[in-house]
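These notes are about the structure you will find just below.
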Amino acid sequence: MIFDEIHKMRRETTTNADSEVFSFLKSIGENAAPLPGYTTKIQYVSKSSADNEMGMYEVKRPGPEDRITLLKNANLLNKLSKSMLMTIMTAIFSESKLLFLDKSLSSLTSTLHALTSLLYPLQWVCIYIPMLSVGIRALVRDLVQSPSPYVIGMLKQDYTQVREHELKDTQVLVVDLTRKHLDDMRDDEAKKLPISESSRKALKHKLREVKKKDDPTELSEIWRDFLKPYLNMIDELCFEAPKVDGIRRIPMASYVDKIKEVQPGDEVFAEKLFSTQMSQLWLQKQRLAVSRY
């Protein structure tokens, strides 16, 4: 982890620690981010060496194949109750704004990486900052008040510096991982779980079984199974859909009607899911589209 490397620099560098950290972060900023699952090498001036030699650090961006490792490291069901996890995941699937708090930096970042890995085969494409420092107040204010969906992590000690009025009317779900508490600032409609009672009960039962087995990796399969009916319905409808510019366009109304047949009560979630940017990206990769018209 990049943050672990920064802490290591501060511990081991007796002089010019800030200068080394600056050089390290500057080098990261100048390099293009690797594609998911790929690694890039970062060169920076190492102040801990006598001759200011170049240090080398490898940055790997987690890919779909890393989600099992991420889930093992995070152990989400020990950090979150079943109800909390369902609220958080349906909020992420709906591309809501989520702000996560924790006392531990490693716990915070590993939790966010694990939660977003549960979206597979979808991928979070909106604002994603696993650890936001409050050092630049204007930046923090602009981000938390952003109209765009986001998943942002922040240390609890920093959160105390975020003024209450800065979060007012932001429609954000604040997740306190230390207290296992949700502070839902969304409107009443957004606060409701967009899935039916039967789907809710089925999810709770599966989560309970996973916790009994103490196998956090099965969480990935639970959420893939949860998505499967919505994705499968797209496959069924695509053969009837007309092709425009090489993409099959499926009317949202037809899609929602089909979901009513197989997942009664879940049509609100289906419409929210396929109105998101991450779903549209997935559909484009499949050469499909769900259109409101």
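The values are calculated or read from the model by the stated rules, or taken from the named source; none is laboratory data. Here the structure is a predicted model, which is why all the values come from computation and not from measurement. Because the Cβ atoms are built from the backbone with ideal geometry, glycine has one as well, and the counts that use them run over all protein chains shown. Each accessible area value is taken on the protein alone, full model and side chains, heavy atoms only, with ligands, DNA and RNA left out. Shrake-Rupley method; radii C 1.70, N 1.55, O 1.52, S 1.80 Å.
Things worth noting here:
- Residues of the stretch 215-243 that are under 25 Å from the mean Cα position of the chain (by Cα) and assigned to a loop (DSSP other than H, G, I, E, B): Asp215, Pro216, Thr217.
- The stretch 210-229 residues that are closer than 16 Å to Phe93 by Cβ, paired with ones that are part of a helix (DSSP H, G or I) and at pLDDT below 85 (beta carbon under 8 Å, 6 or more apart): Leu219/Leu71; Ser220/Arg67; Ser220/Ile68; Ser220/Leu71
- Residue, nearest to Lys97 (Cα to Cα), within the stretch 255-274, restricted to residues that are touching a residue at least 60 places away in the same chain (Cβ under 8 Å) and part of a loop (DSSP other than H, G, I, E, B): Asp266
- Residue list for the stretch 78-93, restricted to those being assigned to a helix (DSSP H, G or I) and open to solvent by 10 Å² or more (accessible area, probe 1.4 Å): Asn78, Lys79, Lys82, Ser83, Met84, Thr87
Table: residues versus (1) touching a strand residue (DSSP E or B) at 6+ places or on another chain (Cβ under 8 Å); (2) basic (Lys, Arg); (3) within 21 Å of Leu71 (Cβ to Cβ).
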residue: Met89; (1), (2), (3): no, no, yes
residue: Ile92; (1), (2), (3): yes, no, yes
residue: Leu98; (1), (2), (3): yes, no, yes
residue: Leu115; (1), (2), (3): yes, no, yes
residue: Leu118; (1), (2), (3): no, no, yes
residue: Tyr128; (1), (2), (3): yes, no, yes
residue: Met131; (1), (2), (3): yes, no, yes
residue: Leu143; (1), (2), (3): yes, no, no
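- Criterion: modelled with pLDDT under 90 and under 22 Å from the mean Cα position of the chain (by Cα) - qualifying residue of Lys272, Lys285: Lys285
- Some residue of the stretch 153-170 being out of contact with any Ser or Thr (no Cβ under 9 Å at 6 or more places or on another chain), β-branched (Val, Ile, Thr) and touching a residue at least 40 places away in the same chain (Cβ under 8 Å): no
- Test set (1) open to solvent by 30 Å² or more (accessible area, probe 1.4 Å); (2) modelled with pLDDT of 90 or more - Ile259 fails condition number: (1)
- Just one of the listed residues (Leu132, Leu118, Leu101, Leu112) is farther than 28 Å from Lys204 by Cβ and surrounded by 16 or more Cβ atoms within 10 Å (Cβ to Cβ), namely Leu132.
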